[in-house]
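Visitor: Below is one structure. I have some questions about it.
The values are calculated or read from the model by the stated rules, or taken from the named source; none is laboratory data. Note that the coordinates shown come from a computational prediction; the quantities given were computed from them, not determined experimentally. Every residue, glycine among them, receives a Cβ derived from its backbone with ideal geometry; neighbour counts consider all protein chains shown.
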Amino acid sequence: MPDFIYKGKVYYNPVEFAMDRLGGTWKMPILWRLKDKTYRFSELKRAIEHISDKMLTTQLRELEQDGFIHREVFPVVPPKTEYSITERGRMAIPIVETLRNFGIDLMEMEGFDVGYYR
């Protein structure tokens, strides 16, 4: 399989490329929430426990740059910003759902109570 370069980074396969766009702790949970509705920053912060303001800002910027979400700023005082999922983001949802279900199955096999997640 040939290597390829995107934005100055060498990739060795399509899975690595996709995981660089969506991998990590927070990007998939952000997309998972945005699949159903538009959120303001503070709403996302409340919906995703344990994420810091800085990390949420960073992840939202990266998702926006990669075309998975749309950020709309309203010129009001105080400033209002809303985040929504794009068509590219919607394409990722079945993959996120598959990984989520696989994670739940693995947790269940290890003896965790997964009722909350089902």
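Visitor: Could you tell me whether region 42-58 includes any residue that is under 30 Å from residue 1 (Cα atoms) and within 16 Å of the chain's Cα centre (by Cα)?
Guide: Among the residues of region 42-58, not one is under 30 Å from residue 1 (Cα atoms) and within 16 Å of the chain's Cα centre (by Cα), which makes the answer no.
Visitor: Going through region 72-86 one residue at a time, which ones are more than 17 Å from residue 21 (Cβ to Cβ) and in contact (Cβ under 8 Å) with a residue 12 or more places away in the chain?
Guide: Result: 72, 80, 81, 82, 84.
Visitor: Within region 70-77, is there a residue that is in a helix (DSSP H, G or I) and under 22 Å from residue 93 (Cβ atoms)?
Guide: Looking only at region 70-77, we keep the residues that are in a helix (DSSP H, G or I), and these are none.
Within region 70-77, not a single residue is in a helix (DSSP H, G or I) and under 22 Å from residue 93 (Cβ atoms).
Visitor: For the condition over 25 Å from residue 6 (Cβ atoms), at pLDDT below 95 and touching a helix residue (DSSP H, G or I) at 6+ places or on another chain (Cβ under 9 Å), what is the one hit in 100, 33, 118?
Guide: Answer to the selection: 118.
Visitor: What about residue 100, is it assigned to a helix (DSSP H, G or I) and either without any contact (Cβ under 8 Å) to a residue 12 or more places away in the chain or over 14 Å from residue 32 (Cα atoms) (or both)?
Guide: Numbers: assigned to a helix (DSSP H, G or I): yes; either without any contact (Cβ under 8 Å) to a residue 12 or more places away in the chain or over 14 Å from residue 32 (Cα atoms) (or both): no.
Judged against the criteria, residue 100 is not a match.
Visitor: Suppose we filter 67, 89, 111 for residues that are touching a residue at least 12 places away in the same chain (Cβ under 8 Å) and in a loop (DSSP other than H, G, I, E, B); which single one remains?
Guide: Residue meeting the stated conditions: 67.
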